[in-house]
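These notes are about the structure you will find just below.
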Amino acid sequence: MALPALTPQYVLGLAALLVLVVDAFTPTSRKNGLLAGLTALAGVTSAGAAAWLYAGGAGRTTLFDGALAVDASTSFFTAVFGCVAALVAVASYDYVREEPHQSAYYALVLLATAGMSVMAAANSLVTAFLALELVSLPAYALVAYLKRDAGSAEAGLKYFVVGALSSAILVYGISLVYAATGVFGFAALADAVAGNAHVTVLGAGVVMLIGGFAFKTASVPFHFWAPEAYEGAPAPVSAFLSSASKAAGFVLAFRVFLLAFPLAAFEALGIPWTLVFAVLAVVTMTLGNVAAATQTNVKRMLAYSSIGHAGYALIGLAALSGPTSSDVAVVGASFSHLFVYGFTNTGAFLVVALAERWGVGRTFEDYAGLARSAPVASAVLAVLLFSLAGLPVGGGFWTKYALFLGAVQSGLWWLAAVGVVNSALSLFYYSRLVKAVWVDAPDETGVARERPTGIYAAVVVAAVVTVALLVAPDVVFSWADAAARALVSA
Amino acid sequence: MLVEALLAVTFVAAFAVLLAPARYAGRLAAVLSLLPLVGSLYAYTAFDGTGNALLGGTPAFETVVPWVDIGGYAIDWHVGLDGISLPLVVLTAVLTTVAVVAARGRIDERRSLFYALLLFTEASLLGVFSALDFFLWFVFWEFVLVPMYLLVAVYGGPRRRYAAIKFFVYTNVASLVLFVGFVMLVVATPVESFGLAAVAEAVRSGAVTGAFGLSAGALTGVAFLALFFGFAVKSAFVPFHTWLPDAYTEAPTPVTVLLAGVVTKMGTYSLLRFNVTMFPDLIRQWALPLAVLAAITVLYGSLAALAQRDAKRLVAYTSIPSMGFVLLGSVAATNYGLAGATFQMVSHGLLVSVLFLAVGSVEDATGTRMINKLSGLADRLPVTAAVLVAGAFGYMGLPLMSGFAGEFFVFTGSFAAPYPHARLVTAVAMFGIVVVAGYLLRLLQGVLMGPFEAPTAVTARSRRDLAPAVVLVLLSIYLGVAPGALMGTIQDAVGAFVALIGGGL
């Protein structure tokens, strides 16, 4: 059966509207479960539709006069967003049970997810910007969702201010690129930049675009909002933003830089943007990991570690070197890293959500001895954290290795070396949390903990997928490779 | 499929025990640990492999299934046993059952988790010894680390956290270095797989090219040193040994049995597989400095043992010279040197476990491990005393026990080694035996002989408790009387290598 190319996006958008309709006709007592179920179903359905489209092998479909283009990278990332949204929705069932305005929450999650999946299909700077705003606006509201909670409100405001600034920078960058080239479409841009006469304007525009993407992916130099926003936001929202939203920023960056700004043409103009990304990758991963190592608050540690992971994923843009095969390998590695990271990081933040629900504190010491009262969640946390660190207990091992190998194959072995050192450093702070949970003695023993079904299901699924990706990574890797090929040799 | 079955059964057993109620966890684990034991004994009888798995030999129970392809390199699920790995697989299964039985009555909190971690460690160790693809090997290698860390950190003695984190950090840095070193090496060769045999063939045939700003020779040297460093930390060669006394002493006795008996053998086994088998030229070239390092390890370790007052720490230190002997035999690259090193790994695994079990039993009965607080326990604790004496004499190299056979093979091989001053270095290392005998006799004399003295009343535990130790002593005697039970297959595997590089004896 041939589905319309934008089926996943339609599913997500319509589901968001459906949530609002259902909200109007459902008694309050059953609302939360129904809405969470609907959201999760929409996420899974869109991921399934994306997989279906990929399996159909349609190649690249351009729509709306070239404003959108659906290819393997679209379906790959749509699957990531759908899965993360489903996990977050299932976990939110327990998290927002007592909160007002549940329909708004789920609708915003779905709208943001729809925006992300449009980002993954963007084929012009205009649609790219619109999709990015469709993600950002719901995200600001979601961060501030617990509006009576000072931390949440403060985080929402900070996130909004930095986000608005970076949107302005991004749109200014787009206008400069337009001034230099006179076009918005990626394919047309690729032609227009070759031998462009307005190098300075174009270069300034590209730098500003990089700034805009850095915000969305929480990379240096626009990373500082992330710890604040993730710490204050409801934990499922932190999970959503740090996994799906980051991946969305990356897929857009990859699309823009691979489709619209061909490396060869830019090197001829004297703007080696891979070098910029190499520097950003080094600074981002180092800063993220060093800062994470000094945190005492678990959520902030995860926030900084997510900055570190943005640095790893940036290797995909930094290590582009020209030969198609090695470019496909390293971009594919970056894609699969974001896929694995989507599950692993979401799971880790959802365990924090679980701890917040139990009223466990926020610091490492507060987590001491959690394994005695909650062995399953603690085992899941250990698996997820070790996989984030790159130990071979989860798919993160393969993707980190593939990224570093890709960097080596592109001749950037110093970048790989920095990555390896950072990985080793990251093991230090991840294992500190594992040690607190498994080894340290709890303050009070014999605590009985409730088992919120939704969050438990979500974290267990996240851990199972993470481990399954160690055992059978080829399913995702081949998809990621096809996605990378769709962009590299477009 | 036998290897897969062994791994699957052990992993499933670990999960079953994890889910079992604490009251039954120990018994269930003991029963379930018999499955891999029986399986490994079956592997021993049904073993039909020939030659060295890395040098074109035919490993037994071999399976190759493509697993994943990353960046143009094929990574396979490739397992199989040859004459070097088979004895270690059997040793792992035997010592895990011993550890599980020895844990009875010694562990009284979070028991399900404890036994599950023991079985999980066993499964990972079996994986390390049977993997023939680098990535598979590395996955299992790292798998061992996490349960071992938890076993020491949660169940250990008063300084358990410090000991566990030290162990974790040391071995993890080592893993990282060896991983990077090996991947660098593979990237610089034209092979497109991480199969150990393929890489060994490429390195031997000089297919390494310069990369990373290094010449081919320098790159090979860097990879060799990176691998050696990784294994040296794991095997605790001086000066990379400082994690060992802490971890061994703080870990509860059953965990110490696994740590000392098998986990350090991962290092020496991998040293034999990687550094020796893959780099025959470099092992020739570097033989003298490495042998000197071995001699230093032997002498330093035994002299340090001489200075210990804590019986368990003393036994922990005795492991260091034994690993030095293994290194000495490995770098000799002669038939008896290599075979002796492998044999010594098994023998040391058995005997050091006997010593730890006996010392653990003394501690349980008297509440202390301090040698100067104990005296004259021989008639109060006759079984423990007998086991301790048997273990110590086996360790000192009493003929007709496996320790004698292992050391004899190593020295025979090392004397005939082709590197310069081989006899001198071997003779110096042999002097270590005298020191070993000295401090073990001092231990026996201090604890067992003389007028009775102990801080508390001595409460002997049931005799059944030492049954596993007695079994290990009998196994050691069996291997001492009939070393051919293992030497045949071992020599078949190392012979292929010796024939290749033209070593002697």
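Electrostatic tally near B:Arg160: other residues with Cβ closer than 14 Å to its Cβ, Lys and Arg +1, Asp and Glu -1, net +2. Mean separation of Cα pairs under 8 Å and 6 or more residues apart, divided by the residue count, gives the stretch A:7-488 a relative contact order of 16 percent.
Taking 26 Å as the limit for the C-alpha separation, the pairs A:Lys246/A:Lys299; A:Lys246/A:Lys400; B:Lys234/B:Lys373; A:Lys31/A:Lys246; B:Lys166/B:Lys265; A:Lys158/A:Lys400 exceed it in the case of B:Lys234/B:Lys373; A:Lys31/A:Lys246; A:Lys158/A:Lys400. Net charge in the neighbourhood of A:Asp474 (other residues with Cβ under 14 Å of its Cβ; Lys, Arg +1, Asp, Glu -1) is -3. Probing with 1.4 Å while keeping every protein chain in the model, the per residue accessible area of the stretch B:288-505 equals 35 Å².
For A:Leu3, no residue 5 or more places off, or on another chain, has a built amide H under 5 Å of its own. Only DSSP H runs of four or more residues enter the estimate; each adds -39500 (n - 2.57), and after division by the residues of chain A the mean residue ellipticity at 222 nm equals -25500 deg cm²/dmol.
Helix A:102-119 and the longest principal axis of the C-alpha atoms of chain A enclose an angle of approximately 30°.
Each label was represented as a point 7 Å from its Cα along the Cα-to-Cβ direction; for A:Ala150 and B:Asp364 these points are 5.7 nm apart.
With a Förster radius of 30 Å applied to the C-beta separation of A:Val199 and A:Phe224, the computed FRET efficiency comes to 0.45. Angle of helix B:335-366 to the longest C-alpha principal axis of chain B, folded into 0 to 90 degrees and rounded to 10: 30°.
Counting only Cα atoms, I'd like the Rg/Rh figure for the stretch B:288-505, Kirkwood definition for Rh. Value, to two decimals: 1.03. When you count the other C-beta atoms within 10 angstrom of each residue and take the mean per peptide, B:398-406, B:256-264, A:323-331 line up highest first as B:256-264, B:398-406, A:323-331.
Working ranking of peptides B:85-93, B:387-395 by packing, defined as the average number of other Cβ atoms within 10 Å per residue, highest first, is B:85-93, B:387-395. Determine, at each q value in 0.08, 0.09 (inverse angstroms), the log₁₀ of I(q)/I(0) that the Debye formula gives when each Cα of the protein assembly as shown is one equal point scatterer. One equal scatterer on each Cα of the protein assembly as shown leads to -0.80, -0.96. Taking label points 7 Å from Cα along the Cα-to-Cβ direction, A:Thr28 and A:Val460 give a separation of 3.2 nm. For the stretch B:215-242 versus the stretch B:40-103, the inter-centroid distance based on Cα atoms is 24 Å. Here the protein assembly as shown is assigned +1 on the Cβ of each Lys and Arg and -1 on the Cβ of each Asp and Glu. Its dipole about the Cα centre then comes out at about 1940 debye. Each Lys or Arg adds one and each Asp or Glu subtracts one; over the other residues with Cβ under 15 Å from the Cβ of A:Phe261, this totals -2. Taking only C-alpha pairs under 8 Å that are 6+ residues apart, what is the relative contact order of the stretch B:333-433 in percent? Relative contact order, the stretch B:333-433: 41 percent. Set the Förster radius R0 to 45 Å, insert the Cβ-Cβ distance between A:Ala187 and A:Leu165 as r into 1/(1 + (r/R0)^6), and round the FRET efficiency to 0.05. That pair, A:Ala187 with A:Leu165, gives E of 0.90. The packing ranking, built from the mean of other Cβ atoms within 10 Å per residue, places the peptides A:397-409, B:33-45 in the order A:397-409, B:33-45, highest first. Rounded to whole numbers, the Karplus 3J(HN,Hα) couplings from phi for the stretch B:477-484 are 5, 4, 5, x, 6, 10, x, x Hz, using 6.51 cos²θ - 1.76 cosθ + 1.60 with θ = phi - 60°, and x at Gly and Pro. For the stretch A:7-488, the Kirkwood hydrodynamic radius from C-alpha pairs, put into Stokes-Einstein at 10 °C and a viscosity of 1.306 mPa s, yields a diffusion coefficient of 72 µm² per second. For chain B, the C-alpha radius of gyration sits at 0.92 times the compact-globule guess of 2.2 N^0.38 Å, with N the residue count. Averaged over the residues of peptide B:68-79, the number of Cβ atoms from other protein chains lying within 10 Å of each residue's Cβ is 5.
The values are calculated or read from the model by the stated rules, or taken from the named source; none is laboratory data. All figures in this text were calculated on a predicted structure; none of them were measured in a lab. Here Cβ is always computed from backbone atoms with ideal geometry, including for glycine, and neighbour counts include all displayed protein chains. Calculation scope for accessible area: heavy atoms of the full protein, side chains included, ligands and nucleic acids excluded. Shrake-Rupley method; radii C 1.70, N 1.55, O 1.52, S 1.80 Å.
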